[in-house]
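Single-structure report; data block below.
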Amino acid sequence: MATFNKFNDFVEQLGLKKHDLNADTFKVALTDTLPVATQTVFDAVTNHAAPTNTNGYTAGGYDIQNTWSENPAGTGEMVAVDVVVTASGGTIGPFRYAVIYNDTEATDMLFGWYDYGSSITLQDTETFTIDFGANLMTLT
């Protein structure tokens, strides 16, 4: 099971109304570069070097189709649609981390990342599912 970690700056930017958890487009990108909790923006070239737009991987990552809702008891949940990546025409990777960021914000502010524990390389036709579980985030 992958371990979820949040970027520290996400909490501040949420409080400053920089993230709309229902309307903004959040994306997930794969990288083999260790994310650091103090980073603030997504950078596909240096901090979060991701696979290129080849062999079935979409450069910049995938829209997680997030939605936000609140139940009558006052608990809010951000739900995301699982993402399936399929290698086609060659390999994708290696990658170990799945970084989530807000693509609506001009600076691509960071949300969090999953650590899969070791590097993964998809061979041609293999798939990898980024499973967000029942919800990506809960506020109580």
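The values are calculated or read from the model by the stated rules, or taken from the named source; none is laboratory data. Note that the structure is a prediction, hence the values are computed from the model and not measured. With ideal geometry, Cβ positions are generated from the backbone for all residues, glycine too; neighbour counts draw on all protein chains shown.
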Go through region 107-132 residue by residue and tally those that are β-branched (Val, Ile, Thr) and within 13 Å of the chain's Cα centre (by Cα). 2
Of Val99, Val41, Val83, which residue is in contact with a Pro (Cβ under 7 Å, 6 or more places away or on another chain) and within 29 Å of Thr140 (Cβ to Cβ)? Val99
Farther than 18 Å from Lys6 by Cα, of a type outside the set (S, T, N, Q), surrounded by fewer than 20 Cβ atoms within 10 Å (Cβ to Cβ) and modelled with pLDDT of 95 or more - does that describe any residue in region 50-62? yes
Among (1) part of a strand (DSSP E or B); (2) farther than 16 Å from Asn135 by Cβ, Phe4 falls short only on (2)
Within region 81-117, the residues that are out of contact with any strand residue (DSSP E or B) (no Cβ under 7 Å at 6 or more places or on another chain) and aliphatic (A, V, I, L, M) are Val81, Ala106
When you look at Gly74, is it within 21 Å of Ala134 (Cα to Cα) and in a loop (DSSP other than H, G, I, E, B), yes or no? yes
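A quick yes/no check of all residues on (1) at positive phi; (2) touching a residue at least 12 places away in the same chain (Cβ under 8 Å):
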{"position": "Asp9", "(1), (2)": "no, yes"}
{"position": "Gln13", "(1), (2)": "no, yes"}
{"position": "Ala29", "(1), (2)": "no, yes"}
{"position": "Val36", "(1), (2)": "no, no"}
{"position": "Gln39", "(1), (2)": "no, yes"}
{"position": "Gly56", "(1), (2)": "yes, yes"}
Go over the candidates Val45, Val84, Val11, Val99 one by one and state the one that is of a type in the set (A, V, I, L, M, F, W, C), exposed (fewer than 15 other Cβ atoms within 10 Å of the Cβ) and at pLDDT 95 or above. Val84
Go over the candidates Ala29, Ala37 one by one and state the one that is under 13 Å from the mean Cα position of the chain (by Cα), small (Gly, Ala, Ser) and modelled with pLDDT of 95 or more. Ala29
